[in-house]
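The values are calculated or read from the model by the stated rules, or taken from the named source; none is laboratory data. Everything numeric in this text was worked out from a predicted model, so none of it was measured. For neighbour counting, all protein chains shown are included, and Cβ atoms are generated from backbone atoms with ideal geometry for every residue, glycine included.
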Amino acid sequence: MAKQDTENKYFRGWMFIGLSKNFPKGKIKKRTFMHEECLVYRAESGELNMVEPYCSHFGVNMATGKVIKDYIQCPMHGRTFKGDGTCTKVEQKSIRSYPVAEDRGLAYAWFDNPGVEPQWEHPKFLNDEDLPDILWAHARTMDLHHPSVPQNNAVDPRHFEFTHSMFGKETVPGEIRTEGHEAWCKMGTELLSPLKNVAGGDTSEVITYYSGFLNDYLQSRVGAEVQHLCNFLTVIDGKKCKLTQVGVGKKSLNPIKRFQDWVGAFGSWYATYEDDPIWSNRKPIEPDYYPHETDKAIKAFTDWADSFAYTPEPEPESVEPEGKKLKLAQI
């Protein structure tokens, strides 16, 4: 598969599919991920499931069907399927299902060729002690020629110093370490007035941990203030992606702390507001890297991101015996 290709739309691994609260019991949600139509539904037991939308009987889209106990039911003849895709009548054909996981209000699905089990655990960015709560969340849908475009910001301080006027000259040019599906990135910039006066410091530093290149947790220190947030990139098709940013930490009734959380939410929203028209205004070329440390880091990140790309295996075509084929006049 060609690098930086608009057709490069499939990425192996766990992908964020939404907040758990967006999938209530008994409801079927029609979604498109990785250019594939899917149905997400929560069974009466509370288990979240994701399956292909088409019934194995007549190919009817089950988005208008029902959730019956723990099954999804086709609206045409009532055929029912379990969350793993198997039909409740064992002699009838199954449909595809996707492994799904939830963690503290965040929902993920595993994408790979059908039948391939998850190769690593879903992201676990929140924890009981330091980051138990979701403080805020917002999302932006963007047209990108490659999903790595917003994600490689974790190693690109020159973008911040040039595009975002609040940041000054780079102090850490961009670092990256990768091991399998995980990566660790770091960058830093100095701050200009008035931000440095408000933030109570002269520099900013961002440390980012990736669990698969579509999901990351970052610690952002701007002056004396520290913010914790997660970035989730949901691939809808080869170009259209949704970037969801989720602030995490401990909920507080302290008005100062709540104001700081609000400032962090607005800051991340505004930064992507500035970035969106730039990210969406690129074409799939082979970038002209040069021997700057940040360019080396961006190239290393993009190469790592490309390692997750895969081509879905085509479904075998059914071949009918010659004598069974109908001529046009017979139809």
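Is at least one residue of the stretch 248-262 within 21 Å of residue 214 (Cβ to Cβ), in contact with a helix residue (DSSP H, G or I) (Cβ under 7 Å, 6 or more places away or on another chain) and surrounded by 20 or more Cβ atoms within 10 Å (Cβ to Cβ)?
No, that holds for no residue.
Take the residues in the stretch 64-78 that are among the aliphatic types (A, V, I, L, M) and crowded, with 17+ Cβ neighbours inside 10 Å, then tell me which one is nearest to residue 39 (Cα to Cα). Among those residues, the one meeting the criterion is 72.
Among the residues of the stretch 85-114, those identified as farther than 20 Å from residue 233 by Cα and in a strand (DSSP E or B) are 87, 97. Only a single item in (1) over 18 Å from residue 234 (Cα atoms); (2) under 17 Å from the mean Cα position of the chain (by Cα) is not met by residue 140, and it is number (1). List, please: which pairs have Cβ atoms under 7 Å, are six or more places apart or on different chains, and start with a residue in the stretch 201-220 that is farther than 17 Å from residue 233 by Cβ and end with one that is basic (Lys, Arg) and crowded, with 17+ Cβ neighbours inside 10 Å? The qualifying pairs are 202/196; 207/186.
Looking across the stretch 78-99 at every residue that is touching a Phe, Trp or Tyr at 6+ places or on another chain (Cβ under 7 Å) and either small (Gly, Ala, Ser) or touching a residue at least 40 places away in the same chain (Cβ under 8 Å) (or both), the one that is nearest to residue 230 (Cα to Cα) is identified as 98. Taking the stretch 213-231 as the range and being farther than 24 Å from residue 311 by Cβ and either polar (S, T, N, Q) or crowded, with 17+ Cβ neighbours inside 10 Å (or both) as the test, the residues that pass are 216, 217, 218, 219, 220, 222, 227, 228, 229, 230, 231. Does residue 174 qualify as being in the same structural domain as residue 234 (by TED's automatic domain parsing), surrounded by 20 or more Cβ atoms within 10 Å (Cβ to Cβ), modelled with pLDDT of 90 or more and under 22 Å from residue 104 (Cα atoms)? The answer is no for residue 174.
The residues in the stretch 281-290 that are out of contact with any Ser or Thr (no Cβ under 9 Å at 6 or more places or on another chain) and surrounded by 14 or more Cβ atoms within 10 Å (Cβ to Cβ) can be counted, and the count is 1. Might you let me know whether the stretch 132-147 holds any residue that is at pLDDT below 90, part of a strand (DSSP E or B) and in contact with a Lys or Arg (Cβ under 8 Å, 6 or more places away or on another chain)? Checked against the condition, which is being at pLDDT below 90, part of a strand (DSSP E or B) and in contact with a Lys or Arg (Cβ under 8 Å, 6 or more places away or on another chain), the stretch 132-147 yields no hits at all. Restricting attention to the stretch 160-171 and to residues that are of a type outside the set (Gly, Ala, Ser) and out of contact with any Ser or Thr (no Cβ under 8 Å at 6 or more places or on another chain), the residue that is surrounded by the most Cβ atoms within 10 Å (Cβ to Cβ) turns out to be 166. If the condition is being farther than 11 Å from residue 154 by Cα, crowded, with 16+ Cβ neighbours inside 10 Å and under 24 Å from the mean Cα position of the chain (by Cα), then the stretch 180-212 contributes 181, 211, 212.
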